[in-house]
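First comes the structure, then the notes that go with it.
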Amino acid sequence: MKLYNTMTNRKEEFVPVHEGKVGMYVCGPTVYNYIHIGNARPMVVFDTVRRYFEYKGYDVNYVSNFTDVDDKIIKKANEEGVSSQEISERFIKECKKDMEGLNVKEATHHPKATEEIDGMIAMIRTLIEKGHAYEKDGTVYFKTRSFKDYGHLSNKNLDDMQAGIRIAVSDEKEDPMDFVLWKPKKEGEPSWPSPWGDGRPGWHIECSVMSKKYIGRTIDIHAGGEDLVFPHHENEIAQSEAANGEKFANYWMHNAFLNIDNKKMSKSAGNFFTVREISEKYPLQVIRFFMLSAHYRSPLNFSDTLVEASKNGLERILTCVDSLKSLEGTAKEGPMTEEEEKNADRIKELVAKYEEAMEDDFNTADAIAAVFEIVKLANVTAKDSGKAYISYARETLVKLCDILGIITEKEEELLDSDIEALIEERQQARKAKNFARADEIRSQLLEQGIILEDTRAGVKWKRA
Ligand code: AMP
Ligand code: ZN
């Protein structure tokens, strides 16, 4: 499996640290607002990378953080007159709802910066002890020039960078390129005690600490949007490698931007749509499919025309799976005919084409093209085929779509008669004082969207 490594600027064969396992860290959002669809791009893209590794049999430890202490969160909290924690918790919840809508799998670990402060203090301490950091009046800085590889990831050179910046009259930093690891408390801001006084961590140290705790000193894949290459990821490397004395990440993957009118969608520029807004216009599955229609390292322009095209494309796939399913119900049983075997072989070739595309730096655009070819073939061959062939075609499509996080089959709805039978069973269980069973039935129904209401006139139910 080949993936493009930003560190070496070329595609490389993937070799895991531990055989059969992938440790993946994806920088998560700063939670002060609803996420926009630009933020959703890394979520969807790297969730698909994860799904593909899982399909290949790897055990993936997928870690993605929430940055829940930050200037923007504090600003929003002050505007609303509530605590920063209230803001971050609210938007973590909303972000999780959006991720669910986009069918992004729950991370193996979803750490929050504010719950990992001890680890950050410990790492900053190590950096000071090793001569890579220093404290001035409650602020701790990383001594950038103490780390000889600084700038490798972003192909930058410290002297060039320094020549390019106007030197602020900062009397504290020893060098203008030094960056903050710990900042002192300001009035009205959340803070934690530390050896350097009350304060809070800088942004970069979070990811160094959380990736080490949940994955290890050397992680397989570190990922995020391309705006994170510098300074965020460059600084993470400097901190982690200076503290741990080991290579930080073997592969660096960065997604290109989601643009509007060829400009990066961003909150600060104001040219954004939240996932929530978009979900009123399109099913989020369409947005997911749209995002995967381009290679993750190509910029993707967001426009109604392009999303409409994705919507139609997805519809074609879903309709095909539906019709295969209904044909399956009446098709004749028995082994495949020679003709069907030939068509099944053609599908197998297309699966290989799909895998080849995914294994060439996750070329989802080409993988989707292979799915469309299977749809085309199935549409002309299924009608006159037997059950074995139809099932094979349908199951293949379902599997390939599942890797892309596209749900092709709706869950079967419970029939009214099934619901009523379960309600009756629950009544009997209650009469027999078997409350455990009664509760079990209630939650089983709730899981399928059926809400029970015990009224004086008996049990009423409705679909959520
Ligand atoms: P932030 O909350 O700004 O730190 O962003 C969270 C993630 O979204 C990071 O990986 C960013 O690189 C990514 N991101 C932000 N804006 C865009 C965009 N317009 N297109 C693609 N990725 C983005
Ligand atoms: Zn990060």
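The values are calculated or read from the model by the stated rules, or taken from the named source; none is laboratory data. Because the structure is a prediction, the values reported are computed rather than measured. Positions of Cβ are backbone-derived with ideal geometry, glycine not excepted, and every protein chain shown enters the neighbour counts. For the accessible areas, the whole protein counts, side chains as well, though only heavy atoms, and no ligand, DNA or RNA atoms are used. Shrake-Rupley method; radii C 1.70, N 1.55, O 1.52, S 1.80 Å.
Annotations for the structure displayed:
- Under the convention that each Lys and Arg Cβ holds +1 and each Asp and Glu Cβ holds -1, the size of the dipole of segment 236-306 around its Cα centre is about 140 debye.
- C-alpha long axis of helix 203-214 to longest principal axis of the chain, angle in °: 60 degrees
- The distance between label points at residue 17 and residue 72 comes to 2.9 nm (points 7 Å beyond Cα on the Cα→Cβ vector).
- Placing R0 at 22 angstrom, the Cβ-Cβ distance between residue 276 and residue 391 gives a FRET efficiency of 0.05 after rounding to 0.05.
- The amide H of residue 139, built 1.01 Å from its N in the peptide plane, has no neighbour under 5 Å, considering only residues 5 or more places off or on other chains.
- Only one residue of 358, 406, 7 has its Cα farthest out toward the positive end of the dipole of the chain, where Lys and Arg carry +1 and Asp and Glu -1 on Cβ, and that residue is 406.
- Under 5 Å between amide hydrogens, built in the peptide plane, is the criterion, and for residue 61 it picks out 22, 23, 24 among residues at least 5 positions away or on other chains.
- Quarter of the Cα convex hull surface for segment 254-295, i.e. its orientation-mean projected area (nm²): 3.5 nm²
- Charged side chains reduced to their Cβ positions (Lys and Arg at +1, Asp and Glu at -1) give the chain a dipole of some 500 debye around its Cα centre.
- Backbone N within segment 116-145 under 20 Å of label point (7 Å from residue 175 Cα along the Cβ vector): 124-137, 139-145
- Considering all different alpha carbon pairs of the chain, the Kirkwood hydrodynamic radius works out to 25.3 Å.
- Per residue accessible area in Å² of the chain, where ligands, DNA and RNA are left out and the probe is 1.4 Å: 49 Å²
- Kirkwood hydrodynamic radius (C-alpha pairs) into Stokes-Einstein, segment 187-256, 37 °C and 0.692 mPa s, D in µm²/s: 248 µm²/s
- Karplus (6.51, -1.76, 1.60) ³J(HN,Hα), θ = phi - 60°, over segment 38-49, in Hz, Gly and Pro reported as x: x, 4, 6, 4, x, 4, 5, 4, 7, 5, 5, 4
- Percent antiparallel among DSSP beta bridges (both partners in segment 2-255, rounded to 5): 45 percent
- Within straight-line reach of residue 433, meaning a Cα separation under 26 Å, sit the following lysines at least 8 residues removed in sequence or on another chain: 460, 462.
- Per residue, the convex hull volume that the Cα atoms of segment 2-255 enclose (Å³): 130 Å³
- The Kirkwood hydrodynamic radius of segment 316-358, based on inverse pair distances between different Cα atoms, is 12.2 Å.
- Viscosity 1.002 mPa s, 20 °C: Kirkwood-radius Stokes-Einstein D of segment 44-132 over Cα pairs, µm²/s: 138 µm²/s
- Positive-end residue of 141, 219, 78, charge dipole of the chain with Cβ unit charges: 78
- Once the Cα atoms are used to define both axes, helix 71-80 deviates from the longest principal axis of the chain by about 70 degrees.
- Within segment 32-71, the proportion of Cα pairs with more than 11 Å between them is 71 percent.
- Base-10 log of normalised Debye intensity for segment 70-193 (one unit scatterer per alpha-carbon) at q = 0.17 Å⁻¹: -1.09
- Three principal axis extents of segment 416-463 based on alpha-carbon atoms, in descending order, are 27, 23, 16 Å.
- Inter-site label distance for residue 356 and residue 332 at 7 Å from Cα along Cβ, in nm: 3.6 nm
- Helix 234-244 axis, angle to the chain major axis (alpha carbon atoms, nearest 10°): 80 degrees
- Estimated from helical segments only, the mean residue ellipticity of the chain at 222 nm is -15500 deg cm²/dmol, where each DSSP H run of four or more residues counts as -39500 (n - 2.57).
- Whole-angstrom gap from segment 366-380 to segment 308-339, using each part's C-alpha centre: 11 Å
- Note on segment 238-376: Kirkwood radius taken over Cα pairs, Stokes-Einstein applied at 25 °C and 0.890 mPa s, translational D equal to 132 µm² s⁻¹.
- Equivalent-ellipsoid semi-axes of segment 362-462, from the Cα gyration tensor, Å, largest first: 44, 16, 11
- Percent accessible area from carbon and sulfur atoms, the chain, protein chains only, probe 1.4 Å: 48 percent
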